[in-house]
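The values are calculated or read from the model by the stated rules, or taken from the named source; none is laboratory data. Here the structure is a predicted model, which means the values were calculated and not measured. For neighbour counting, all protein chains shown are included, and Cβ atoms are generated from backbone atoms with ideal geometry for every residue, glycine included. For the accessible areas, the whole protein counts, side chains as well, though only heavy atoms, and no ligand, DNA or RNA atoms are used. Shrake-Rupley method; radii C 1.70, N 1.55, O 1.52, S 1.80 Å.
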Amino acid sequence: MSQPSMPVLESFTRAWPDLEAAHERAMKAASVLLGCRDELLAVLTRVATYSSARDELLRSVGTLSGAPWELARNCPPQLNRLSVILPPDNVLYSYVLHGLVPALYCDEVVIRPSAHIRDTAYGLHKAITRKLPPDLAARIRLSDASAAAFGPVCAESDAVVVTGGHDSARQLMADVGESPLVLLAGSGPNPLIVGPRTDPSAACRTVLRTRLHNSGQDALCPDVLFVHRLRLDALVEQLRAELSVLTVGARSWPDAVLTSLVHPEAVERTAAFLAEHAGCLVAGGTADPERMLVEPSLLVFDEDAAFHPPELLAPVFCVVPYEDPEMLREWARAPEELERGMYASALGEPRLTGETLGTAVLTRNATALDAKDGNQPFGGYGARASAVRRDGRIIGRPLLLSQEAALRRSVITGPLR
C-alpha cells in the first residue's frame, strides 16, 4: 500500500512567518508611532535631544515599514521567546528593532531595559502598546528583573539580544548555556577619516553632524577624527569657530545642539580624559559633573597609530593628523581595534580600498549613522562591536536577528564575510 505523499510546500512554509499578517501588523505599528509621535517625542526627550529623538522616530517608522520585505527575504522561523537587554541610548529605535519587529515572528519578546532609561522605556512601551493591535501588544513585555534574575529567562529563550558591555555579555552567555542563539550588539570607535580630497567646509558639516548627534551620546559618534595634514589647519579652524556658537538648551528645544548629559559616569570619564590631555586642547575643556554639562572640546594630538581613545559619550573631538593611509591601516591592525572594529568612514580618501579597514566596515563619503538601516545587517567584524554565538564560537560580523535566526537552520562553516 502506497504511503500518502508529504505536503512538501505546506511543511516547508510552516516555518515562515505569515507575511500577509506581518505586513498588516507592521503597517499598523508604524501608524501607531506616527499617530502618537508628540507623546513619544515628549518621553524620548527625557534622555535625548529633540533632533535625535525625531531621528529615532523616523528610523523606527522606516524599520517597521521595511519589516515585511525583511521577513520575506530572510524567512526566519517562528520563535517561542526572544529575550532582549535594551541599551542605554536609542531607546525607541532599539525597542522597535529588537522588540516590535521580532514580535512579528516571535510568540513572546521579553525586554529588560537599562536602569538608566527604565522610566523612558516604560513610558514608550505604554504609549505604543495601548494603541497596537491586542494580539501584537500581548507579545511584548518589559521586565524589572535584576541582571542575575534575568539570566534564567534568557536561558529558556530561543534567542537573546545583548546590547552594551562585552564582558557582561560574555558572562551572560556562560550563564545561559549553549542552547539560545545569542547576538552581541556592542560599540566601536567608528573613526571618521577626512582625506586630502575633501572640502574642509563639507567635512566640517559632516563632523559636526556626526559627533554632536544627541550631544555626542550615541555609540555611533566617532571617537577619533583622522585628518590629512593638507586639511588639518582649515578643518581645525572651522571646527573651533563653529563650536563657539552652538545652541545650548533643554533637550526639548528643537534647535538645541548641546544639552546636559544623561549618564553621570560619562561626564566623569570625559572630565578625566580632558584633564589627562589638557596639553592637546584647542577649544573647550570644561566638564561640570554637578550640572551634567561638558563644554564642546577640540583636541589635536600628534600623529600616532597607537592612539586608541576610550568611548566618550560627550561632545569631544579628538583629531589625529596623518599623511600616509598606511598609518590608518596600522592603527586598525592593533589588537584592541581588531576586537572593536565596527565602522570607519572615509571622506575624500581614495587610497583606502577594499570593504574593510581592519575589522571595521569601510563606508565612503558616508558615516556610521548613514549606514544605520534596521532591515539590514548592521555592525562590523570586531567581536566586541557585533557578534553572534554559534556552536560555541563567537563570530564577529554585521548582525540582523531575522537573518541569524534563519541561518540557524542552515549549515554554518565559518564567518560569513
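Would you point out the residue of the stretch 183-217, among those that are hydroxyl-bearing (Ser, Thr, Tyr) and more than 19 Å from Ala360 (Cα to Cα), that is surrounded by the most Cβ atoms within 10 Å (Cβ to Cβ)?
Looking at residues that are hydroxyl-bearing (Ser, Thr, Tyr) and more than 19 Å from Ala360 (Cα to Cα), I get Ser215.
Would you mind stating whether Ala159 is out of contact with any Leu (no Cβ under 7 Å at 6 or more places or on another chain) and hydrophobic (A, V, I, L, M, F, W, C)?
no
So that you can scan it fast, the table gives a plain yes or no per residue for (1) closer than 28 Å to Gln217 by Cα; (2) touching a His at 6+ places or on another chain (Cβ under 9 Å); (3) modelled with pLDDT of 95 or more:
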| residue | (1), (2), (3) |
| --- | --- |
| Val96 | yes, no, yes |
| Val109 | yes, yes, yes |
| Arg112 | yes, no, yes |
| Ala115 | yes, no, no |
| Ala127 | yes, no, yes |
| Pro133 | no, no, no |
| Gly165 | yes, no, no |
| Ser168 | yes, no, no |
| Ala174 | no, no, no |
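Go through the stretch 304-353 and give me each residue that's in a loop (DSSP other than H, G, I, E, B) and under 18 Å from Ala203 (Cβ atoms).
Pro315, Glu323, Gly348, Glu349, Pro350, Arg351, Leu352, listed by residue number.
With the structure loaded, tell me whether Phe226 is of a type in the set (Phe, Trp, Tyr) and in a helix (DSSP H, G or I) or whether it fails that test.
Taking the combined requirement at face value, the residue does not satisfy it.
All but one of (1) at pLDDT below 95; (2) at negative phi hold for Leu400; which doesn't?
Just one mismatch for Leu400, condition (1).
Only one of (1) within 27 Å of Arg118 (Cβ to Cβ); (2) aliphatic (A, V, I, L, M); (3) buried (at least 16 other Cβ atoms within 10 Å of the Cβ) fails for Ala332. Which number is that?
It fails just one condition, (1).
Check Ala287, Ala272, Ala266 and return the single one that is more than 24 Å from the chain's Cα centre (by Cα) and within 12 Å of Pro315 (Cα to Cα).
Ala287
Report, by residue number, each residue of the stretch 229-272 that is part of a loop (DSSP other than H, G, I, E, B) and open to solvent by less than 60 Å² (accessible area, probe 1.4 Å).
Listed by number, the residues that qualify are Leu246, Thr247, Gly249, Ala250, Arg251, Ala256, Val257, Thr259, Ser260, Leu261, Val262, His263.
Considering only residues that are farther than 26 Å from Asn74 by Cβ and outside any helix (DSSP H, G or I), which ones fall in the stretch 99-141?
Answer for the stretch 99-141, where residues must be farther than 26 Å from Asn74 by Cβ and outside any helix (DSSP H, G or I): Pro113, Ser114, Arg130, Lys131.
Between a first residue in the stretch 42-62 that is closer than 11 Å to Ala256 by Cβ and at pLDDT 95 or above and a second residue that is in a loop (DSSP other than H, G, I, E, B) and of a type in the set (A, V, I, L, M), which pairs have beta carbons less than 7 Å apart while being 6 or more apart in sequence or on different chains?
Listed by first residue and then by second, the contacts come to Thr49/Ala256; Tyr50/Ala256.
Pick from Leu225, Leu230, Leu192: which is more than 25 Å from the chain's Cα centre (by Cα) and at pLDDT 95 or above?
Just a single option satisfies the conditions, and that option is Leu230.
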